[in-house]
Amino acid sequence: MKVVIIGAVAAGLSAAYSIKKNVSGAEITVLEKGEDISYGACGFPYYIEGLIEEEKKLIARDKKRVLADGIDLRLFSEAIDVDFQNKSVKVRNLSNKNEYELKYDKLVIAVGARSNHLDIFTGMKGVFPLNTLKHANAIKEYMEKRAPERAIILGGGNKGLELLETMTLRAVDTQVIEYMPDVMNIYDPELSELLLKELRGEGHKINTSEKALDAVADEKGFISKVITDKGEYSTDMVIETIGLKPNTEFLEGKGLKMERGAILTDLYGRTNIEDVYAGGDCAMIYNHIEEKHNYLPLGTNANKTGKLIGLAMAGKEPPFKGVQASSMMKTFEFEMAMTGVTDQRAKFLGLDYDSVLVRTRNKSGYYPGGTELYIKLTYLKKNGKIIGAQIFGREGSALRIQGLVTAVYAGLDLYDLAYMDFGYIPPLNSVWDSINVAARKALSKYEREKE
């Protein structure tokens, strides 16, 4: 069986190795239009900072190893067209511009996504996206050669705020400009505002509800100023972290079901076209809490989907009901984490929900060095089932989401969590764990309203 995989980063190579392991006799060809493969994009801020000193530490498998493992990896090979009826991919060799047809029995589309870009910066030097290893290296090189003193980060989401820490640690005067009223706006405003207050309190420049309108370059073509609807800011560089767009334009109009450019699949990566699979940042993924597909371009989802594609191709379908938008973020000493739905998302979905936000501590009250820890639980009014959780705090806070991920995935209710037997030691939590405390408060509210 001939398997062609388009894309050699998280989903693509995860699928390749899953197929190799589970599908006997599979001949696997992986096409990658660039030269970098199998890298951990979530590590880019730490690589730019210098905490991760070597590029190779970001790479799970290099070209030499992939080829040695019997996978036909073709770099600088761009898939420019697919004929689903005749099961062939048109490939352009970017090194010599030659084009050829590649036949397949099974096709995996893992072409990823690219960073959104504002037209106001077109042609300017010193303006960067950050979505690939090439981008990360370009930023590092620019900083080493130009030694920028000022930087603007467009976008106040996970990546933007992680980069705020990166640039600050590199002694660059950095400003974040966010178009929406809140940073980290996938969270409920109460959590986002806690983070924003702390960051601003430490002197970090973060502008919200502000839109970039224009930009000015100097006589050598380097970015020198960003103009917004509220002011003008001099800068030596700009990093855009304003979302992603799936790289699927070459597949449009061919009968492949997509939603805003992201490919629709079943739980195991199958598309609506026979023998064609998709996963990673170019595809939707099923959210079992919302009972609908979401676009959630996360490394966890890409690796998971790649693994499942290989199993499904082998006729194996392990129990899997979907994802639930779990994620974490850390900037400076602050951590956030979430799983399931927020209040604002539950409202959008029309769910009859309620919630509580509790302030606890990350250590026993008498143990030195403890800090505040906030937990928000969202649950259904009809039965107390937990459908979402959010966390904000300092060191060690985000990892507490893992217990709540399990609770949401398993469909536990407030009664389950209120007296759950969590481990305890004073340096790490209280005798009533913060999750117990949050669940007990929610349970009290739930029972009062049931009376």
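Every number here is computed from the coordinates shown, using simple stated rules; none is lab data. Model, not experiment: these values are computed from the prediction. Reconstructed Cβ throughout: ideal geometry from the backbone, glycine too, with neighbour counts over all protein chains shown.
Observations, loosely collected:
- Overall size of region 117-240 from C-alpha positions, given as principal axis extents largest first: 44, 28, 26 Å.
- Region 131-249: relative contact order in percent, alpha carbon pairs under 8 Å with at least 6 residues between: 26
- Taking a point 7 Å out from the Cα of residue 349 in the direction of its Cβ, the residues of region 294-314 whose backbone N falls within less than 16 Å of it are 294-296.
- Only Lys, Arg, Asp and Glu carry charge here, each on its Cβ (+1 for the first two, -1 for the last two); on that basis the chain has a dipole of about 840 debye about its Cα centre.
- J(HN,Hα) series, region 310-323, from Karplus relation 6.51 cos²θ - 1.76 cosθ + 1.60, nearest Hz, glycine and proline x: x, 5, 5, 5, 8, x, 10, 10, x, x, 7, 9, x, 9
- DSSP bridge pairs, region 63-202: antiparallel proportion in percent, nearest 5: 70
- Lysine pairs meeting the criterion (Cα under 30 Å, 8 or more apart or interchain), as found in region 56-97: 9
- Here region 45-132 was treated as a single set of alpha-carbon atoms; its pair distances binned every 5 Å from 0 give 3, 9, 13, 15, 18, 17, 13, 8, 4, 0 percent.
- Percent antiparallel among DSSP beta bridges (both partners in the chain, rounded to 5): 65
- Out of every Cα-Cα pair that the chain contains, those further apart than 36 angstrom amount to 36 percent.
- Nearest-0.05 FRET efficiency for residue 218 and residue 137, computed from C-beta distance (R0 22 Å): 0.40
- Per-residue ³J(HN,Hα) for region 430-441, Karplus 6.51 cos²θ - 1.76 cosθ + 1.60, θ = phi - 60°, Hz, x for Gly and Pro: 9, 4, 9, 4, 4, 5, 4, 4, 5, 5, 5, 5
- For region 326-406, GluC sites (Glu not before Pro) are listed when DSSP marks them as loop and at most 15 other Cβ atoms sit within 10 Å of their Cβ; the list is 333, 395.
- Taking other Cβ atoms within 10 Å as a rough exposure proxy, 236, 83, 421 sort from fewest to most as 421, 83, 236.
- Between residue 424 and residue 333, the C-beta separation translates, for a Förster distance of 30 Å, into a calculated FRET efficiency of about 0.80.
- Cα convex hull, region 292-341: 100 Å³ per residue, rounded to a whole number.
- Extreme residue, positive dipole direction of the chain, given options 98, 177, 261 (C-beta unit charges): 98
- Spherically averaged projected area of region 316-420 from its Cα convex hull (nm²): 8.5
- Projecting label points 7 angstrom from Cα along Cα→Cβ for residue 361 and residue 445 puts them 2.4 nm apart.
- Taking region 235-383 and dividing mean pair separation by its residue count, relative contact order in percent (alpha carbons under 8 Å, at least six apart): 13
- Contour minus Cα-Cα distance for residue 124 and residue 252 (0.36 nm per residue): 43.0 nm
- ³J(HN,Hα) computed for each position of region 192-200 - Karplus, 6.51 cos²θ - 1.76 cosθ + 1.60, integer Hz, glycine/proline x: 4, 5, 4, 5, 4, 4, 5, 5, 5
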